[in-house]
1. K17: at pLDDT below 95, in the same structural domain as G156 (by TED's automatic domain parsing) and not in a loop (DSSP other than H, G, I, E, B), yes or no?
2. Within segment 49-58, which residues are in contact (Cβ under 8 Å) with a residue 60 or more places away in the chain and either farther than 15 Å from E18 by Cα or touching a Phe, Trp or Tyr at 6+ places or on another chain (Cβ under 8 Å) (or both)?
3. So, restricting to strands (runs of 3 or more DSSP E) that lie completely within segment 61-147, which ones have at least 1 residues that are at pLDDT 95 or above and under 16 Å from the mean Cα position of the chain (by Cα)?
Amino acid sequence: MDISVVIPLFNEEESLKELYDWIASMMQSNQFLYEVIFIDDGSSDTSWEVIEEISKTTSTVKGIRFQKNYGKSQALDAGFQIAAGNVVITMDADLQDSPDEIPELYKLITDENFDLVSGWKKKRYDNIIAKNIPSKLFNWAARKTSGLQLHDFNCGLKAYKNKVIKTVKVRGEMHRYIPVLAKNKGFLNIGEKIVQHQARKYGETKFGMSRFINGFLDLITISFLSKFGKRPMHFFGLWGTLMFIFGLFSAGYLGVTKLYKLSQGMKAILITDNPWFYIAMVSMILGTQLFLAGFLGELILKTKEAENYYTIKEKLNY
């Protein structure tokens, strides 16, 4: 199979039929062998019924329905697990991503051997204050932190080699950082393509300003995990040891100084009246806690089993 199109969605009943017809027309005109995988992330409208109706007319449509709303990352992960195409395309279900971009994205993967190609919506039709400016700040921070020179990390339109999506595990809200996750797994040939951004045709955006706050928090998380996710003791153990040694030597200095003054008949204050005593104690306690955090992190990594963070309610055509 040439292409798998993975489409996560939440309450997009108006656009699904039009989107599928657009994809099918484009695929047939380019003679691609393809499948379209819809992942209904706990929609409360009739989105699943629309997917069922489409699936009755063609075997190219597969569907996954979550028990409740788990988030875009979990929806993508479920789609990635069953995607069989040599090239996997992800896109949003709101018709703001153009299926006409798929042939060029496919060629970049197959002909130019990119592992991943991320879309760049250079010209956007979103609200400037609410979305465009925060998005630019977010992408600037992501570039500085990750080292990847992509202009639009959050663009839903991306293309992957199949082995990339089978290797990368997407959890929490990490869908924004799939290129970073892929880079951390050793897939370094990552490119970018300017893509057309469509004005929203139906309904309203499902994302608010909170996604940018969450995005920055996730950026900090993935930056830490990329460096220390497989070896937490290297971070917590190092700082814990340094703090414990600082506290130990400080307490030792206070004790030796006290004994020296007493032996010389000099006046000396109580150790507990010296603020450095409490600084030393706190440093030793925090150092011990950090060291234990690193040790427990190592144990968790070695005993952790792979698990899904979502429950599938229904499946279609597989």
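The values are calculated or read from the model by the stated rules, or taken from the named source; none is laboratory data. Quick caveat, the model's predicted, so the values are computed rather than measured. Heads up, the Cβs are rebuilt from the backbone with ideal geometry, glycines too, and the neighbour counts pull from every protein chain shown.
1. no
2. Selection gives I51 alone.
3. 87-90, 116-120
Yes/no matrix, rows are residues, columns are (1) modelled with pLDDT of 85 or more; (2) more than 20 Å from S146 (Cβ to Cβ); (3) in a helix (DSSP H, G or I):
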position: L219; (1), (2), (3): no, no, yes
position: S226; (1), (2), (3): no, no, yes
position: F235; (1), (2), (3): no, no, yes
position: G247; (1), (2), (3): yes, yes, yes
position: S250; (1), (2), (3): yes, yes, yes
position: V256; (1), (2), (3): yes, yes, yes
position: G265; (1), (2), (3): no, yes, no
position: W276; (1), (2), (3): yes, yes, yes
position: S283; (1), (2), (3): yes, yes, yes
